[in-house]
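Report on one structure; see the data block that follows.
The values are calculated or read from the model by the stated rules, or taken from the named source; none is laboratory data. Since this is a predicted model, take the numbers as computed values, not measurements. As a convention, Cβ positions derive from the backbone with ideal geometry for all residues, glycine included, and neighbour counts pool all protein chains shown.
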Amino acid sequence: MTEFWTAENLEEMVSSRSKILGPQVWAAATPDPRQIISFAGGLPDIPSLPGEVLLRAARTVIDREQKEALEYGGTFGPTPLRDAIAKRSSRIEGIPLTRDNVIIASGSAHAIGMVCETLLDPGDVVMVESPNFPGSMRTIRSFGATQVAIPMDEQGMRCDILEAELQKLADQGRRAKFIYCIPTHQNPAGCTLQLDRREKLLELARRFNTFILEDDAYGELWFETPPPPSLFSLSNGDHGIKVSSFSKIIATGLRMGWVMGPPALVSRIAALRYDMGTSPFLGRIVAEMIRNGDLDRHIVNLRRTYLKKLERVEDALAKYTSDYATYVRPLGGFFLWLQLRPDLNSRDVQMAANERGVIVGQGPQFFADGRATNHIRLAFSYVAMEEIEEGLHRLGEAMAEVASRSTAK
């Protein structure tokens, strides 16, 4: 019998979108069998996972609304969760919102995918800040869009360069379909776009007839000072569409996020869905956490936890890496972006740290155009508090080793 699914036949059969991405699977790396200290993943603090809170909410949902919780929920997502998000977001954003502004997704990555599926055609242009989250850039690329990398400085996206690139397109009779950014506690750079730049960004979106896709996975995890209003809020929900997630503020395993935007767009996103939406059971559990105040209390505790972790990271960096790297202190989120000395190659440092059982983020995968700067990303959220100093001690040793090799040359 002739085999049908040969490599050649498979390549002929798969869609053009599949061909753009190729065979490599986007997934978590295979677990390292060694005893490692990982600063690699943007994951929540393990001791802070609210298992008891979720269990209590789940019991309430089963006791009160079992029938509705265990049936299909519809393409927009569970109505109680949409209502709870809209009510809470009206308070946070300072603008009136209803369930019609909200559609539930399986995490923010899925939410971004739904927006792209609704709006992008092959050949469209998307402006993306660079460095950026690789998963989002991969999603945008998969729809055949061209990404224009907009460099960042210590304060976030360079609006002067964005303006020049938007003008180039306008001169060709074209426009960007949207501008993608993570303006608050950015991944990987950790920076937060300040109010004047947010206003400039929106002014550019209006002038060049486009909108901003605002990825806000970390926005509520500020340490001491709340960030400026979201782009969604500043635009009165018009030129800004906001994607958010419960992955970072509750747990990644929930796979629960949402898109917030104008009702007309939310309806078009829903019209393209071919499933029956996200889990009504999990959605109602999260809605109960919002209604009874547990989510807000949990977030307050997370802010304290991540500030303590950052302070421990800073103490260890001062001891072990100050001769080799500098950084700008993040105002919130999970990440610290280490700028290495010019004579230290980030790839060499990453490999030397790996040999010592310490995993850090590095490389051109964070950059839309592959033009990587000489940085290391430290995700301090996941690593155990008691392992932070030892991990950064080893990282300092790795930097010293690479520096000695550089001097020897």
Search region 75-103 for residues that are assigned by TED's automatic domain parsing to the domain that holds Trp258 and pair each with any residue that is in a loop (DSSP other than H, G, I, E, B) and basic (Lys, Arg) when their beta-carbon atoms are under 8 Å apart and the residues are at least 6 apart or on different chains.
Thr75/Arg273
Failed item in (1) surrounded by fewer than 21 Cβ atoms within 10 Å (Cβ to Cβ); (2) touching a residue at least 60 places away in the same chain (Cβ under 8 Å); (3) outside any loop (DSSP other than H, G, I, E, B); (4) not aliphatic (A, V, I, L, M), with Arg304 passing the rest:
(2)
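Restricting the search to region 196-229, which residues are of a type in the set (A, V, I, L, M, F, W, C), touching a residue at least 40 places away in the same chain (Cβ under 8 Å), over 20 Å from Ile85 (Cα atoms) and surrounded by fewer than 23 Cβ atoms within 10 Å (Cβ to Cβ)? Give the steps one after another, and end with the answer.
Narrowing region 196-229 to residues of a type in the set (A, V, I, L, M, F, W, C): 201-202, 204-205, 208, 211-213, 217, 221-223.
Checking the rest, the ones that are also touching a residue at least 40 places away in the same chain (Cβ under 8 Å) come to 201, 204, 208, 213, 217, 221-223.
Going one step further and asking which of them are over 20 Å from Ile85 (Cα atoms), we end up with 201, 204, 208, 223.
Once the filter is applied, which keeps residues that are of a type in the set (A, V, I, L, M, F, W, C), touching a residue at least 40 places away in the same chain (Cβ under 8 Å), over 20 Å from Ile85 (Cα atoms) and surrounded by fewer than 23 Cβ atoms within 10 Å (Cβ to Cβ), region 196-229 yields Leu204, Phe208, Phe223.
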Among the listed residues Thr75, Thr60, identify the single one that is among the polar types (S, T, N, Q), in contact with an Asp or Glu (Cβ under 9 Å, 6 or more places away or on another chain) and in a helix (DSSP H, G or I).
Thr60
Number of the condition not met by Arg91 [criteria: (1) of a type outside the set (A, V, I, L, M, F, W, C); (2) touching a helix residue (DSSP H, G or I) at 6+ places or on another chain (Cβ under 9 Å); (3) under 20 Å from Gly237 (Cα atoms)]
(2)
Could you please let me know if Ala86 is under 23 Å from the mean Cα position of the chain (by Cα), part of a loop (DSSP other than H, G, I, E, B) and among the aliphatic types (A, V, I, L, M)?
no
Consider Pro122 against the criteria (1) closer than 30 Å to Gly173 by Cβ; (2) buried (at least 18 other Cβ atoms within 10 Å of the Cβ): it satisfies all of them except one. Which criterion is unmet?
(2)
Scan region 67-111 residue by residue and report those that are surrounded by fewer than 22 Cβ atoms within 10 Å (Cβ to Cβ), in contact with a strand residue (DSSP E or B) (Cβ under 6 Å, 6 or more places away or on another chain) and polar (S, T, N, Q).
none
Do we have any residue at all in region 182-189 that's of a type in the set (Val, Ile, Thr) and either on the phi > 0 side of the Ramachandran plot or surrounded by fewer than 22 Cβ atoms within 10 Å (Cβ to Cβ) (or both)?
no
Within region 355-373, considering residues that are within 20 Å of Met137 (Cα to Cα) and of a type outside the set (Gly, Ala, Ser), the one surrounded by the fewest Cβ atoms within 10 Å (Cβ to Cβ):
Arg371
Just name the residue that is nearest to Pro50 (Cα to Cα) out of those in region 252-268 that are crowded, with 19+ Cβ neighbours inside 10 Å and within 20 Å of the chain's Cα centre (by Cα).
Leu254
